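Written below as structure tokens is the structure these notes are about.
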């Protein structure tokens, strides 16, 4: 499954979803993980804080950028943004502090190796049915 991390440096989960300029995207299963790419938010849409539509654009751009991702780790995400992310079939996960991406991946793989919670099993089943087309 594809997992994204809001990051400023590619090392830590350390950014708010709506303000993150970069997302580290990994392919992850119970035994393996691989950095696929660092996805950057294109400059422009949503950058103007005085534009009343900026927030809407900022969120839309990020959802479009991550449309093939299953899990999204962030330090913060607003309620309306979280609802839109969920509607896009991306599961947001808010982390505590500023954990290293490698540590979060270790924890995720540990959960995948044992007994994933129901919400994660649903994502895995959906991915399996889709044939990893996301």
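Put simply, of 77, 86, 90 the only residue that is crowded, with 18+ Cβ neighbours inside 10 Å, within 16 Å of residue 2 (Cα to Cα) and within 15 Å of the chain's Cα centre (by Cα) is 90. On the given criteria, is residue 55 farther than 26 Å from residue 131 by Cα, modelled with pLDDT under 85 and not in a loop (DSSP other than H, G, I, E, B)? Judged against the criteria, residue 55 is a match. Among the residues of this structure, residue 64 counts as one that is closer than 16 Å to residue 2 by Cβ, assigned to a helix (DSSP H, G or I) and modelled with pLDDT of 90 or more. Residue 41 meets each of the listed conditions (1) touching a helix residue (DSSP H, G or I) at 6+ places or on another chain (Cβ under 8 Å); (2) at pLDDT 95 or above apart from (2).
The values are calculated or read from the model by the stated rules, or taken from the named source; none is laboratory data. As the structure is a prediction and not an experimental result, all values here were calculated from the model. A quick note on method: Cβ atoms are made from the backbone with ideal geometry, for glycine too, and the neighbour counts reach across all protein chains shown.
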